[in-house]
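Written below as C-alpha cells is the structure these notes are about.
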Amino acid sequence: MTESGPTQAAKLLGQARRTVVFTGAGMSAESGVPTFRDALTGLWQRYDAQQLATPEAFDADPDLVWGWYEWRRAVVARARPHPGHLAVAAIEARAPHSVLITQNVDDLHERAGSTAPLHLHGSLFAPRCSACAHPASTGDPAEPAEGRRLPPPRCDRCSAPIRPGVVWFGEALPQPALEAAAEAAASCDVLLTVGTSGLVYPAAEIPHVAARCGATVIQVNPEPTPLDQVSDINLRGPAARVLPALVDAAWGGAG
Ligand code: BJW
Ligand code: ZN
C-alpha cells in the first residue's frame with residue numbers, strides 16, 4: 001500500500017480492460033450536497049441522519065421524514081455536477097467495459113453524462129407507495145432553506161403514504177443492481193472507489209470483492225477510511241480535483 005501514486009494510478013486506469021468506478025456521498029460534496037455523515041442543519045440539526053433513514057422513523061413521523069427527503073431533493077435539484085462527475089463520465093467513455101456503481105441517491109452522475117449508473121441505494125427521484133409500491137410522481141421541490149415538516153402525498157391506488165424511493169437501513173438493496181455490481185467487481189482489473197466512508201454494508205463489500213478477485217483498488221478520498229486496507233493506491237484529495245487530473249494523466253484531457 002502507498003499513500004500516493006497518481007502516476008501509477010493513471011497508468012493502470014489507462015491500461016485497464018475492465019474498470020469499475022464506485023462512488024459515495026463525498027463524490028457530490030463539492031456540488032454542495034452534504035455527505036451522509038455531515039452534521040444536519042436547519043430544522044434537522046437535532047436529528048441524526050442514520051436515525052432518519054429508517055422505515056421505523058417514517059412510520060413514527062412520516063411528515064418529518066418526508067420533509068427531510070423533499071428538502072434534500074430540492075438541494076440536489078439546485079446542485080450541478082462538478083468536474084469530478086465529468087471525469088467519471090469520461091472514464092466510462094474511454095475505458096472499455098466500464099461500470100459505474102453509486103451509493104448516491106442524487107442524479108448528478110446522469111446529469112454529467114454517465115449513462116446507466118447502478119444505484120445501490122435507490123433515488124430521491126423515484127418515490128413510490130409505502131404499501132403497494134406503485135410509482136408516484138412529485139412536482140418540482142420548493143422547500144424553504146431551513147426545511148419543514150411535510151405530510152407525504154397519498155397513493156392514487158390505495159391511499160397509503162408515498163415514501164422516498166431510497167434504501168433505508170434494514171431494507172434489502174435492489175437485487176438486480178446488487179448482482180450486477182458484484183459481478184462487475186469480481187471481473188474488473190481496476191476498481192476506483194471515490195468519496196465513500198466504506199462503512200455501510202453490503203455496498204462496502206464491493207471494493208473488497210474486487211480486491212479478493214485480484215483487481216487493483218484505487219481510492220480517492222481526502223480522509224483515511226476502512227477501505228485503506230484493500231486499496232493499493234490512496235489518492236488523498238477531493239474528487240473534483242483528483243479525478244480530472246487522473247483522467248488527464250491517463251488519456252490526456254477529460255473533454
Ligand atoms: C470526499 C469529499 C470529497 C468528503 N471528495 N471524498 C454487515 C453486512 C451487511 C449489513 C450490515 C452489516 N453490518 C451492519 C449492517 C446493516 C446496515 C449497515 O451497513 N450498517 C452500518 C452503519 C454498520 N446495512 C443495511 O441495513 C443495508 N441493508 C441490509 O443489510 O439489509 C439486509 C436485508 C436483506 C434482505 C432482506 C431485508 C434486509 C441497507 C443499507 C442502506 C443504506 N442507505 C443509506 C441511506 C439512503 C437514503 C438516504 O440517503 O437518506 O445510504 S445510509 C447512507 O450511507 C446512504 C449512503 O449511500 C451510505 C454510504 O455512505 P457514504 O456514501 O459512504 O457517505 P459517508 O457520508 O459515510 O462518507 C462520505 C465520505 O466522503 C467520507 O469518507 C469523506 O471523507 C469523503 N469525502 N468530501 C472525496 N470532496
Ligand atoms: Zn399504494
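Relative to the dominant Cα principal axis of the chain, helix 239-251 is inclined by about 40°.
Here r is the Cβ-Cβ distance between Thr54 and Gln175 and R0 is 30 Å; the resulting FRET efficiency, rounded to 0.05, is 0.90. If you roll a 1.4 angstrom probe over the protein chains with everything in place, what fraction of the accessible area of the chain belongs to carbon and sulfur, to the nearest %? Within the chain, the accessible surface is 53 percent carbon and sulfur. Normalised by the number of residues in the chain, the average gap of Cα pairs under 8 Å and 6 or more apart makes the relative contact order 28 percent.
Rounded to the nearest 10 degrees, the inclination of helix 175-187 to the longest alpha-carbon principal axis of the chain is 10 degrees. Size of region 171-217 from its Cα atoms: along the principal axes, largest to smallest, the extents are 30, 22, 15 Å.
The translational diffusion coefficient of the chain, from Stokes-Einstein at 37 °C and 0.692 mPa s with a Kirkwood hydrodynamic radius over alpha carbon pairs, comes to 175 µm²/s. When only alpha carbons are used to place a centre, region 105-137 and region 158-174 end up 12 Å from one another.
Ordered from highest to lowest accessible area with the whole protein assembly present and a 1.4 Å probe, His82, His134, His97 read as His97, His134, His82.
Any idea what the relative contact order of region 118-215 is, in percent, if you count C-alpha pairs under 8 Å spaced at least 6 apart?
Across region 118-215, relative contact order equals 29 percent.
The calculated FRET efficiency for the pair Ala39 and Ala116, based on their C-beta separation and a Förster distance of 41 Å, comes to about 0.80.
Out of all DSSP beta bridges with both ends in region 109-255, state the antiparallel percent to the nearest 5.
45
Against the chain, whose longest principal axis is taken from its Cα atoms, helix 62-78 shows a tilt of about 50°.
By a 1.4 Å probe calculation restricted to protein chains, Leu52 has an accessible surface near 10 Å², given to the nearest 10. Under the simplified labelling scheme, the Ala93-His134 pair shows an inter-label distance of 4.2 nm, with each label point 7 Å from Cα along Cα→Cβ. Of all DSSP beta bridges confined to the chain, the antiparallel ones make up roughly 20%. Under a no-solvent Debye model with one identical scatterer per Cα of region 144-248, what's log10 I(q)/I(0) at q = 0.09, 0.15, 0.20 Å⁻¹? One equal scatterer on each Cα of region 144-248 leads to -0.37, -0.77, -1.03.
The values are calculated or read from the model by the stated rules, or taken from the named source; none is laboratory data. Quantities reported herein were computed from a predicted structural model and do not represent experimental measurements. Virtual Cβ from ideal backbone geometry, glycine too; neighbours counted across all protein chains shown. Calculation scope for accessible area: heavy atoms of the full protein, side chains included, ligands and nucleic acids excluded. Shrake-Rupley method; radii C 1.70, N 1.55, O 1.52, S 1.80 Å.
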